[in-house]
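Below: one structure, written as structure tokens.
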Amino acid sequence: MFFTTVELADFLESCLEKVKQLSALKFTDGNFLRLTQIMLRCSDRMNIMNGHEETLLPSMVLGCRAAICATASLPKAPELMNTIFDPLIDLSR
């Protein structure tokens, strides 16, 4: 296992300066303090997508506009998720 003390938001900012093709991040960490830092510092330059169904609503409240989740591949799942989550997003904010 590999551990580092580099913060992801710092690393992403550095990468965004050097790698012009970097345009999106699938966030699967689950650490919402980290996600908040990334959203505050990088979301104006890249699309941040959620990677877990369990954290979909909180990540959308923070500003994530997309998700890559396992259930999204099921028939009608995106429409069903929109039906469930759309009314909750404004309420949650």
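We did not get these values from a lab; they are worked out from the coordinates using the rules stated. On a predicted model such as this, the values are computed, not experimentally measured, just so you know. All Cβ positions, even for glycine, are placed from backbone atoms using ideal geometry, and neighbour counts span all protein chains on display.
Starting from residues that are closer than 20 Å to Gly51 by Cβ and among the aromatic types (Phe, Trp, Tyr), keep the ones in the range 1-11 and report whichever is surrounded by the fewest Cβ atoms within 10 Å (Cβ to Cβ). That would be Phe2. Restricting attention to the range 12-67, the residues being in contact with a Phe, Trp or Tyr (Cβ under 8 Å, 6 or more places away or on another chain) and either among the β-branched types (Val, Ile, Thr) or exposed (fewer than 13 other Cβ atoms within 10 Å of the Cβ) (or both) number 3.
Yes/no per residue for (1) part of a loop (DSSP other than H, G, I, E, B); (2) in contact (Cβ under 8 Å) with a residue 12 or more places away in the chain; (3) of a type outside the set (S, T, N, Q); (4) in contact with a Lys or Arg (Cβ under 7 Å, 6 or more places away or on another chain):
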{"site": "Asp10", "(1), (2), (3), (4)": "no, no, yes, no"}
{"site": "Cys15", "(1), (2), (3), (4)": "no, no, yes, no"}
{"site": "Gly30", "(1), (2), (3), (4)": "yes, yes, yes, no"}
{"site": "Arg34", "(1), (2), (3), (4)": "no, yes, yes, no"}
{"site": "Asp44", "(1), (2), (3), (4)": "yes, no, yes, no"}
